[in-house]
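Chemist: Submitted below is the structure of interest, expressed as structure tokens.
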Amino acid sequence: MSGNTFGMLFRVTTWGESHGAAVGAVIDGCPPNIELSGEDIQGELDRRRPGRVALTSSRGEGDCVEILSGVFEGRTTGTPISLLVGNRDVDSASYEGLRDVFRPGHGDFTYFKKYGIRDHRGGGRASGRETAARVAAGAVARKVIAREGIEVLGFTVAIGGVTIKKFSGGEVGKNQLLCPDAQAAEEMEKRLDNARMEGDSLGGIVEIRVRGCPAGLGEPVFEKIDAELARAIMSVGTVKGVEIGAGFRAAGMKGSECNDPIGPEGFRTNHAGGILAGITTGAEIVIRLACKPIPSIGREQETIDIQGKPRKISVRGRHDICVIPRIIPVCEAMVCLVLADQLLRQKAICGGRLRERNAE
Ligand SMILES: Cc1cc2nc3c(=O)[nH]c(=O)nc-3n(C[C@H](O)[C@H](O)[C@H](O)COP(=O)(O)O)c2cc1C
């Protein structure tokens, strides 16, 4: 009910605030006997960590994961897996000026209205810091889905209005923006530099693709897999829109253009983005998400304090200029969590015969 737990059978609770002692996750329902090491999780955390690329916050979060329970001699035991990531390099002093003032665009105003008490240090629970716990849990989910041959991969589609013109998969790991178009990446970098100089921030678009997902995964009606994916991704800070396959473009297409013809070899196009009626088709799942610009900016803005009096605000401290590319491993993690949960549910309901049925 309190919104900190996600999933039905592969169930994850995250806890902790930005400037508290630590953040972490408890996973309940992870199957036993899956090989799991600290390095599996650490690798994912390192992809999310700030300070790796020039456009992200310089907070040296360190992000070292400790596995406190649920793993014995490198294998999951089926008992709750507890993961802890200590909060290092915390500088709460730079948030002192925010003690009684709301940052436009952040959760300060709404958290105060809801709870009547405010942890102003670093955005508290609404901070991007909370996503370290999701990424840690997502790394475990990734191991669960990898056993079924499912892979989840994200990349940058747009930043600050610059959109990729081509897709070259090999390019994604070559630039710091995880962008599949080298020329667009250069232009994005320039926009980011300008935004930084202007004390401003930028938004963008990310695409996540799921390969190797068998047909038949997902539940009907209220828990359609596209609904679950959208919910998972919309729960990440800065995400303001999610689309699957042709998404909003489908609204302008004719049925004859939008329908994906089916041949004996499978679907010939993929406007459905790998999902029909909330159940996977076996084609690649394609998800795009739109992120707003980071709210904490140096440029002066109008706001109010907790007494409702008008104030001016210019946010100092260590903030990202753009949530991309840091949000990519976070959204990949959310997709892995959904798929791990759906796989367990499929096994519970249908006996997990998807692969055999796909081969028939
Ligand atoms: C990975 C990640 C890093 C973030 N870094 C910052 C940051 O440095 N400064 C900031 O003001 N907001 C940051 N945010 C965004 C806020 O957490 C988010 O905008 C805020 O909670 C308001 O929620 P909303 O965007 O869903 O409306 C980050 C979000 C994510 C996912």
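Chemist: Considering only C-alpha atoms, what is the centroid distance from the range 321-347 to the range 116-162, in Å?
Modeler: 7
Chemist: Could you put SER127, SER37, SER2 in order of accessible surface area, largest first, with the 1.4 Å probe and the full protein assembly present? Let's see the in-between values first.
Modeler: Values: SER127 15, SER37 40, SER2 95 Å².
Final ranking, largest accessible area leading: SER2, SER37, SER127.
Chemist: Follow-up question, since we're still on this one. How much of ARG134 can a 1.4 Å solvent probe reach, expressed as accessible area in Å² and rounded to 10?
Modeler: My reading of the accessible area for ARG134 is about 30 Å².
Chemist: For the charge dipole of the chain, defined by +1 on Lys and Arg C-beta atoms and -1 on Asp and Glu C-beta atoms about the Cα centroid, which residue among VAL71, LEU354, HIS106 has the Cα displaced farthest towards the positive pole?
Modeler: So the residue we want is HIS106.
Chemist: Can you give the accessible area per residue of the range 211-360, in Å², using a 1.4 Å probe?
Modeler: Values: 7210 Å² over 150 residues.
On a per-residue basis, 48 Å².
Chemist: Tell me the angle of helix 327-350 to the major Cα principal axis of the chain, expressed in degrees between 0 and 90 and rounded to the nearest ten.
Modeler: Helix 327-350 sits at roughly 40 degrees to that axis.
Chemist: While we're looking at this one, here's another question. For the range 85-91, what does the Karplus curve 6.51 cos²θ - 1.76 cosθ + 1.60, with θ = phi - 60°, yield as ³J(HN,Hα) per residue in whole Hz, taken in order and with x for Gly and Pro?
Modeler: Result, ordered by residue: 10, x, 8, 9, 6, 8, 10 Hz.
Chemist: While we're looking at this one, here's another question. As an exercise, use a Förster radius of 22 Å and the Cβ-Cβ distance of ASP46 and ASN4 to find the FRET efficiency, rounded to the nearest 0.05.
Modeler: Once rounded, the FRET efficiency stands at 0.35.
Chemist: Report the net charge of residues surrounding GLY237, where surrounding means a beta-carbon distance below 12 angstrom and charges are Lys +1, Arg +1, Asp -1, Glu -1. Walk me through the numbers before you get to the answer.
Modeler: On the way: positive: ARG125, ARG129, ARG134, LYS240, LYS292, ARG326; negative: GLU130, ASP320.
Result for the neighbourhood of GLY237: +4.
Chemist: Next up: List the residues whose amide H sits under 5 Å from the amide H of ARG75, counting only those 5 or more places along or on another chain, with H placed 1.01 Å from N in the peptide plane.
Modeler: Amide H neighbours of ARG75, under 5 Å, 5+ apart: LEU36.
Chemist: At what distance in nm do the modelled label points of GLU35 and LYS165 sit from each other, each positioned 7 Å from its Cα along Cα→Cβ?
Modeler: Taking the two extended label points, one gets 4.4 nm.
Chemist: Another question, if that's okay. What are the residues whose amide H is under 5 Å from the amide H of ILE275, where those residues sit 5 or more places off or on another chain and H is modelled from the backbone?
Modeler: For ILE275, the qualifying residues are THR281.
Chemist: Sticking with this structure for a sec: Dipole size in debye (nearest 20) for the chain around its Cα centre, Lys and Arg Cβ +1, Asp and Glu Cβ -1? Provide the component values of the computation, followed by the final result.
Modeler: Values: 48 positive and 46 negative charges, 131 e Å.
With only Lys, Arg, Asp and Glu charged at Cβ, the dipole is about 640 debye.
Chemist: Here's another thing I want to ask about it. Over the chain, what percent of the accessible surface lies on carbon and sulfur atoms, probe 1.4 Å?
Modeler: Details: 8890 of 16800 Å².
On the chain, the fraction of accessible area on carbon and sulfur atoms equals 53 percent.
Chemist: Right, something else. Determine the gain in length on full extension of the stretch MET234-SER256; use 0.36 nm per residue of separation and subtract their C-alpha separation, reporting nm with one decimal.
Modeler: Once the chain is fully extended between MET234 and SER256, it gains 4.9 nm.
Chemist: Also: Relative to the longest principal Cα axis of the chain, at what angle does helix 182-197 sit, 0 to 90 degrees, rounded to 10?
Modeler: With rounding to tens, the tilt is 20 degrees.
Chemist: By how many degrees, 0 to 90 and rounded to 10, does the Cα axis of helix 225-234 deviate from the longest principal axis of the chain?
Modeler: 10
The values are calculated or read from the model by the stated rules, or taken from the named source; none is laboratory data. Not measured: the values here are computed from a predicted model. We place every Cβ from the backbone using ideal geometry, glycine too, and count neighbours over all the protein chains shown. For the accessible areas, the whole protein counts, side chains as well, though only heavy atoms, and no ligand, DNA or RNA atoms are used. Shrake-Rupley method; radii C 1.70, N 1.55, O 1.52, S 1.80 Å.
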